[in-house]
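Remarks on the structure that follows.
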Amino acid sequence: MSTGKYYLTTPIYYVNAAPHIGHAYTTIAAEAIARIERMKGYEVVLTSGTDEHGTKVERAARAQGKTPEEFVDLISNEFRTQWQKLDLQIDRFERTTAPNHAKLVNALFDACNANGYIYKGTYTGLYAVVSESFVNDAKPGDVDPETGKPYEEVTEENYFFKLSAFTERLLEFYETNPDFIQPEIRRNEVLSFVRQGLSDLSITRTSIKWGIPVKADPSHVFYVWFDALATYISAVEGENRWPADLHLIGKEILRFHAVYWPAFLMAAGWELPKRIFAHGWLLFENDKMSKSRGNIVRPTPIVEVMGVDALRYFLLREIVFGQDGSFSYDALVGRYNSDLANGLGNLASRTLNMIQQYFDGRCLVAAGDAEVVRTAAEIRSAVEQAYEKFDFSRALERIWALIGTVDKFIVERAPWKLAKSQEEADCERLRETIFTAAEALRVACVLVAPVLPHAAANILGQLGVAKADLTLSDAGWGAVPLGEIGTIVAVFPRLDPKPSIQKMQELEEAEKNRQAALVGKPVEAAESIAVKQDFISIDDFSKVDLRVGEVKFAEAVKGADKLLHLKIDIGEAEPRTIIAGIALKYRPEEIVGRKVVIVANLAPRKLRGLTSQGMIVAASLEGGLPVLAGFHEDVPVGARLK
Ligand code: MSP
């Protein structure tokens with residue numbers, strides 16, 4: 001058993017978007033790691049929080065008719081309650097708007113300054129006038145969508161951090177601490193970035209109002225990352241916990257954590273975190289989930305239908321931790337039924353029922369089957385090793401190998417046959433079979449507890465195992481006695497895929513609307529979304545069957561002064577009947593013989609007792625008369641427009 005403290009963190013999430021399954025992914029993984037470390041014997045603290053400053057937040061608040069303070073309170077609270085709904089044990093929740101944090105950021109700045117790593121300079125960048133902010137990813141000449149004019153080049157006074165002074169020191173540090181950045185592939189990315197040499201960073205702004213004022217010069221506020229990273233220290237201020245043992249983050253914010261953050265701390269003379277692990281992205285429809293792309297899935301609808309553990313299991317089993325992976329409702333329900341309902345759930349209920357049926361609920365201690373005992377020990381050590389590397393999918397795959405072994409063992413032993421026999425040897429064998437199954441199930445539950453805390457506690461409770469605080473050593477064969485079976489309840493009842501998915505999608509829609517009312521429209525990408533909705537794909541376009549037709553016959557429709565009754569040859573056996581609203585512009589006799597464009601696959605529609613079998617294409621002029629589309633060159637009847 002290990003002793004001592006273990007401190008780990010999730011990123012602090014921006015409040016300009018409401019929580020989604022991507023945020024939940026990191027937070028769930030961090031919470032599972034916290035459980036692993038606790039089971040090793042550490043006294044663990046897990047922190048999360050919200051990143052609440054900056055222009056985007058200020059604008060989002062304004063768009064909602066709220067003050068920034070009101071807005072950030074609301075969204076920060078939304079993150080906190082989300083983690084409660086997912087039953088995640090977050091020990092501290094730090095906000096960048098917390099008063100103790102403002103002091104801490106200033107203390108970090110002052111320490112860097114005292115050591116000569118801060119200087120005043122000018123920052124020149126492209127500036128968006130309406131949103132009053134620098135646009136980091138724009139090129140000179142790019143147009144500001146809000147004004148329709150090119151971004152302006154603006155120069156302002158900033159404080160700079162001498163990041164350039166740390167290139168060598170950082171490389172040395174990575175060299176002597178090879179586990180600092182994980183996984184390996186991410187470490188290599190950071191190394192090659194730093195090897196190119198680092199440029200100084202602007203860390204304050206005078207153009208932003210919603211931020212932490214620099215105490216030494218209050219016309220400046222701290223710029224986002226200098227502010228945000230420091231929460232890792234303010235979250236545990238006064239607890240003697242810094243440095244963190246682990247910062248768990250998504251790979252897109254690795255540079256800030258693995259380069260800037262250690263440099264700030266080195267400059268201040270403060271201790272560095274011990275490890276940074278950057279996991280991959282959770283993709284939806286092969287794209288990173290993000291509010292601006294509008295492809296977000298929220299966790300609570302899933303949890304409502306399948307339970308918290310099912311979501312945890314899916315995310316940690318389906319995606320190799322560190323790599324990108326995809327979310328889909330089909331895969332979610334598929335994994336639930338195959339692994340949780342048919343796998344663990346089925347083994348639990350079948351084992352519990354046998355104990356009940358054959359031994360009145362008391363599982364007698366017997367020697368375990370040697371082969372199963374050996375497998376359980378092997379798997380236990382493989383799982384511990386996998387957990388050490390945060391390789392959740394491997395750990396779970398091994399635990400399911402144990403479940404598979406026990407399932408097979410039960411079938412081979414056929415206890416239902418042994419139970420019918422009066423022979424002493426068969427009774428002994430029955431005891432051994434049932435004990436082996438029950439003990440292996442108990443071992444599996446201990447091992448899976450960091451990922452499925454509720455299900456594991458539930459099954460262990462049904463097995464009569466009363467131990468409250470599990471440790472990894474409880475996964476040893478015979479380490480904790482089994483007790484008396486209580487009421488048997490299925491932990492993972494099978495789900496009917498179609499209605500379950502439908503239910504989750506309905507709840508998702510409702511949750512999406514609730515969040516939209518809370519946060520408002522996406523701030524960064526309001527324009528791009530609006531534009532996006534105007535686009536159709538080439539596949540959409542090709543659904544429209546546009547053809548060249550020739551008007552063969554035309555007459556006025558009685559009682560309708562705008563309509564003409566047309567018969568148009570589009571290369572089919574019979575000409576099409578089309579009723580068109582063009583009579584105010586075209587007389588029947590002048591239109592016969594004309595080549596026109598027809599939408600040939602429009603659903604037929606009845607007009608004035610006639611069935612119109614398509615539509616004629618015309619420019620529709622506001623307040624004016626329609627103008628038929630036509631051709632300047634000769635085109636054959638029936639040709640397709642593509
Ligand atoms: N506020 C900064 C972090 C500051 S930490 C000092 C930030 N916030 S964020 O709201 O954008 O959250 C980013 C983090 O959320 C990612 O690094 C990752 O942990 C998590 N994720 C958000 N979307 C995700 C996916 N689609 N997939 C995986 N992780 C996701 O960046």
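Do you know which residues across segment 40-53 are open to solvent by 10 Å² or more (accessible area, probe 1.4 Å) and either within 11 Å of the ligand (Cβ to nearest atom) or in a helix (DSSP H, G or I) (or both)? LYS40, HIS53, listed by residue number. Residue pairs whose Cβ atoms lie under 7 Å apart, separated by 6 or more positions or on different chains, with the first residue in segment 267-286 and without any contact (Cβ under 8 Å) to a residue 60 or more places away in the chain and the second more than 10 Å from the ligand (Cβ to nearest atom) and not in a strand (DSSP E or B), are GLU271/TRP242; GLU271/PRO243; GLU271/LEU265; PRO273/PRO243; PRO273/ALA244; GLY280/GLY322.
Residues of segment 480-498 that are more than 35 Å from the chain's Cα centre (by Cα), open to solvent by 50 Å² or more (accessible area, probe 1.4 Å) and free of Cβ contacts under 8 Å to residues at least 60 places away in the same chain: THR487 alone.
For segment 411-451, the set of residues classified as of a type in the set (Lys, Arg), surrounded by fewer than 23 Cβ atoms within 10 Å (Cβ to Cβ) and closer than 20 Å to GLY483 by Cβ consists of ARG431 only.
Within segment 606-628, residues that are surrounded by fewer than 13 Cβ atoms within 10 Å (Cβ to Cβ) have Cβ atoms under 9 Å from residues that are of a type in the set (Gly, Ala, Ser) and not in a loop (DSSP other than H, G, I, E, B) in these pairs: LYS606/SER612; ARG608/ALA560, counting only partners at least 6 apart in sequence or on another chain. When the residues of segment 236-258 are filtered to those that are within 12 Å of the ligand (Cβ to nearest atom) and open to solvent by 40 Å² or more (accessible area, probe 1.4 Å), the one that is farthest from ILE118 (Cα to Cα) is LYS251.
Yes or no: segment 296-309 includes at least one residue that is without any contact (Cβ under 8 Å) to a residue 24 or more places away in the chain and surrounded by fewer than 22 Cβ atoms within 10 Å (Cβ to Cβ). The answer is no, given that none of the residues of segment 296-309 is without any contact (Cβ under 8 Å) to a residue 24 or more places away in the chain and surrounded by fewer than 22 Cβ atoms within 10 Å (Cβ to Cβ). Remark: pairs (first residue in segment 500-522, touching a residue at least 40 places away in the same chain (Cβ under 8 Å); second residue of a type outside the set (Gly, Ala, Ser) and part of a loop (DSSP other than H, G, I, E, B); Cβ separation under 7 Å; 6+ apart in sequence or on different chains) = GLU508/VAL297; GLU508/ARG298; GLU511/ARG298; LYS512/ARG298; GLY520/GLN64; PRO522/LYS291. Filtering segment 362-383 to residues that are open to solvent by less than 60 Å² (accessible area, probe 1.4 Å) and in contact with a helix residue (DSSP H, G or I) (Cβ under 7 Å, 6 or more places away or on another chain) leaves CYS363, ALA366, GLY368, ASP369, VAL372, THR375, ALA376, ILE379, ALA382, VAL383. Looking only at residues in segment 213-235 that are within 14 Å of the ligand (Cβ to nearest atom) and part of a loop (DSSP other than H, G, I, E, B), the one that is nearest to SER133 (Cα to Cα) is TYR223. Is at least one residue of segment 630-642 buried (at least 18 other Cβ atoms within 10 Å of the Cβ) and in a loop (DSSP other than H, G, I, E, B)? Checked against the condition, which is being buried (at least 18 other Cβ atoms within 10 Å of the Cβ) and in a loop (DSSP other than H, G, I, E, B), segment 630-642 yields no hits at all.
Considering ALA475, ALA457, ALA401, the condition of being closer than 24 Å to PHE321 by Cα, open to solvent by 20 Å² or more (accessible area, probe 1.4 Å), aliphatic (A, V, I, L, M) and under 35 Å from the mean Cα position of the chain (by Cα) is satisfied by ALA401 alone.
Scanning segment 461-472 for residues that are surrounded by 14 or more Cβ atoms within 10 Å (Cβ to Cβ) and either touching a Gly at 6+ places or on another chain (Cβ under 9 Å) or farther than 19 Å from PRO450 by Cα (or both) gives GLY461, GLN462, LEU463, GLY464, VAL465, THR471, LEU472.
Residues that are assigned to a helix (DSSP H, G or I), modelled with pLDDT of 95 or more and of a type in the set (Val, Ile, Thr) do not occur anywhere in segment 89-102.
Just to be sure before I move on: is ILE181 open to solvent by 20 Å² or more (accessible area, probe 1.4 Å), under 21 Å from LEU246 (Cα atoms) and β-branched (Val, Ile, Thr) in the structure I sent? Considered against the rule, which asks whether it is open to solvent by 20 Å² or more (accessible area, probe 1.4 Å), under 21 Å from LEU246 (Cα atoms) and β-branched (Val, Ile, Thr), ILE181 comes out as no. Taking (1) within 15 Å of the ligand (Cβ to nearest atom); (2) part of a helix (DSSP H, G or I) in turn, GLU37 satisfies each apart from (1). Of PRO19, PRO68, all but one fail to be of a type outside the set (Val, Ile, Thr) and within 18 Å of the chain's Cα centre (by Cα); the exception is PRO19. For segment 1-32, residues that are in contact with a strand residue (DSSP E or B) (Cβ under 6 Å, 6 or more places away or on another chain) and either within 10 Å of the ligand (Cβ to nearest atom) or not hydroxyl-bearing (Ser, Thr, Tyr) (or both) total 15. Any residue at all in segment 348-355 that is polar (S, T, N, Q), open to solvent by less than 30 Å² (accessible area, probe 1.4 Å) and over 25 Å from the mean Cα position of the chain (by Cα)? Looking through segment 348-355, at least one residue is polar (S, T, N, Q), open to solvent by less than 30 Å² (accessible area, probe 1.4 Å) and over 25 Å from the mean Cα position of the chain (by Cα). Residue count for segment 259-297 satisfying the condition of being in a loop (DSSP other than H, G, I, E, B) and either at pLDDT below 95 or within 9 Å of the ligand (Cβ to nearest atom) (or both): 13. Between ASP137, ASP217, ASP144, the distinction of being within 21 Å of ASN16 (Cβ to Cβ) and open to solvent by less than 40 Å² (accessible area, probe 1.4 Å) belongs to ASP144 only.
The values are calculated or read from the model by the stated rules, or taken from the named source; none is laboratory data. All figures in this text were calculated on a predicted structure; none of them were measured in a lab. Cβ atoms come from the backbone with ideal geometry, glycine included; neighbour counts cover every protein chain shown. With ligands, DNA and RNA removed, areas are computed over all heavy atoms of the protein, side chains included. Shrake-Rupley method; radii C 1.70, N 1.55, O 1.52, S 1.80 Å.
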